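I have placed the structure first, in the form of structure tokens, so that the comments after it can refer back to it.
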Amino acid sequence: MAHHPRYWLMKSEPAAFSIDDLAAAPGRLTCWDGVRNYQARNYLREMKKGDLALFYHSNADPPAAVGIVEVVREAYPDHTAFDPTDHHYDPKSRPDRPTWFMVDVALVRKFPRPLPLDELRRQAGLRRMVLLRKGSRLSVQPVTPGEWAIILKLAGHEPA
DNA sequence: GCCAACGTTGGC
DNA sequence: GCCAACGTTGGC
């Protein structure tokens, strides 16, 4: 039996890396580096090939869900943590005992229009979404199948 | 730019 | 183990 895909949401600041940057990347693929939060790291490690994630623009005007990516490589050590010149360098992560991990994701599609945060907040069915919880700052977070269906419908796609 | 919420650090 | 100080996130 095939793996049942799970759904996620991954945040990126568009000034640092936007969905258009991903669309322009070779193979429309990127490694999702720089996650330095344990809970987000744990979610990264749960991800399986074929899982799907919302690409979310944080610190944006407006903050919005802007598309879908697919996990194409499961968690492996985040080498940027080993590089003292990297902004995300972390000396406690070592190649023989890595603390931080990343996955590779590929662009599935950019939504025809961004789905702004305030619009998501107005959906009754999304009230419990991790993204919308007060104080929630997780940069990698799970999305339920129900939430996924609502968001895809908002984006103009009928649920699969 | 402000600031609330959260996570981490480190003294004790 | 407590908790104050500090740094970061991210909406507004």
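Read-outs: derived from the displayed coordinates by stated rules, not from any lab. Nothing here was measured: the structure is a model prediction, and the numbers come from that model. Reconstructed Cβ throughout: ideal geometry from the backbone, glycine too, with neighbour counts over all protein chains shown.
Close amide H partners of A:V143, meaning residues 5 or more places away or on another chain with modelled amide H under 5 Å apart, are A:Y7, A:W8, A:L9.
By the rule of a C-alpha distance below 29 Å, with chain neighbours fewer than 8 residues away ignored, the lysines paired with A:K49 are A:K11, A:K92, A:K110, A:K153. Taking Cα atoms only, the orientation of helix A:145-154 departs from the longest principal axis of chain A by about 60 degrees. Between A:N37 and A:D96, the C-beta separation translates, for a Förster distance of 25 Å, into a calculated FRET efficiency of about 0.65.
Here the stretch A:32-160 is treated with +1 on each Lys and Arg Cβ and -1 on each Asp and Glu Cβ, and its dipole about the Cα centre works out to around 520 debye. With all projection directions averaged, the alpha carbon convex hull of the stretch A:50-105 covers 4.9 nm². A helix-only calculation puts chain A at -5000 deg cm²/dmol for mean residue ellipticity at 222 nm, using -39500 (n - 2.57) for each DSSP H run of at least four residues, averaged over all residues. If you average the alpha carbon positions of the stretch A:1-54 and of the stretch A:113-148, how far apart do those two centres end up, in angstrom? Comparing the Cα centres of the stretch A:1-54 and the stretch A:113-148, I get a distance of 16 Å. Counting only Cβ charges, +1 for Lys and Arg and -1 for Asp and Glu, the dipole size of the stretch A:1-53 around its Cα centre is about 280 debye.
Residues A:K92, A:K134 in ascending order of nearby Cβ atoms (within 10 Å, fewest first): A:K134, A:K92.
Only one residue of A:S93, A:M129, A:L152 has its Cα farthest out toward the positive end of the dipole of chain A, where Lys and Arg carry +1 and Asp and Glu -1 on Cβ, and that residue is A:M129. Computing Rg and the Kirkwood Rh from the Cα coordinates of the stretch A:96-160 gives a ratio, Rg/Rh, of 1.04.
Set the Cα radius of gyration of the stretch A:24-160 against 2.2 N^0.38 Å, with N its number of residues, and you get 1.11. Annotation: the residues A:T30, A:T99, A:T85, sorted from fewest to most other C-beta atoms within 10 Å of their own C-beta, follow the order A:T85, A:T99, A:T30.
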